[in-house]
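Q: Handing you a structure now.
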Amino acid sequence: MNIDKAKILNNIGYTDLVYERINKKLSSSYSKQQIEEFILDVLNQTNDADFKKVGKNFYVKNISKNIVLTINSNTYRIITVDRITKENRKNVYNIEPYGDVR
């Protein structure tokens with residue numbers, strides 16, 4: 001399946017709750033603007049091959065930032081952000097393993 005990265009970038013959306021969830025998951029206190037900039041940065045820097053669609057979601061795996069973004073494929077809303085760790089790198093989202101984590 002060919003995923004249109006540009007379409008994701010142009011339509012990405014956020015809910016009020018997702019900002020809190022992202023800060024909690026990343027142990028941070030970023031503003032809404034900082035989170036949006038961070039997400040766009042991750043999406044832009046991620047290779048097309050690291051965009052996967054499983055079920056109703058896109059999973060965007062960025063090894064250099066140790067991040068996996070989960071995006072609803074119908075609404076293009078960010079669902080959550082997870083750090084890639086040695087403990088969770090094994091096929092957590094039914095996509096191929098994350099590989100070596102530093």
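Q: Roughly speaking, what is the stretch gain from residue 44 to residue 6, that is 0.36 nm per residue apart minus the C-alpha to C-alpha distance, in nm to one decimal?
A: Length gained between residue 44 and residue 6: 12.8 nm.
Q: For a quick check: with amide H placed at 1.01 Å from N, whose amide H comes under 5 Å from residue 76's, ignoring anything fewer than 5 positions away on the same chain?
A: none
Q: To continue, here is another question. Distance between the C-alpha centers of the stretch 1-24 and the stretch 36-67? Whole Å please.
A: 9
Q: What does the extension gain come out to for residue 54 and residue 16, with contour length at 0.36 nm per residue minus their alpha carbon separation?
A: 11.2 nm
Q: So, by mean Cβ neighbours within 10 angstrom, what's the order for 20-32, 53-65 with the highest one leading?
A: Packing proxy ranking, top to bottom: 53-65, 20-32.
Q: Something else about it: Report, in debye and to the nearest 20, how large the dipole of the stretch 5-83 comes out about its Cα centre when Lys and Arg carry +1 and Asp and Glu carry -1 on their Cβ.
A: Dipole size: approximately 280 debye.
None of the figures in this text is laboratory data; all of them are computed from the coordinates on show. Keep in mind that this is a model prediction, so the values were computed, not measured. Using ideal geometry, Cβ is built from the backbone for each residue, glycine included, and neighbour counts are taken over all protein chains shown.
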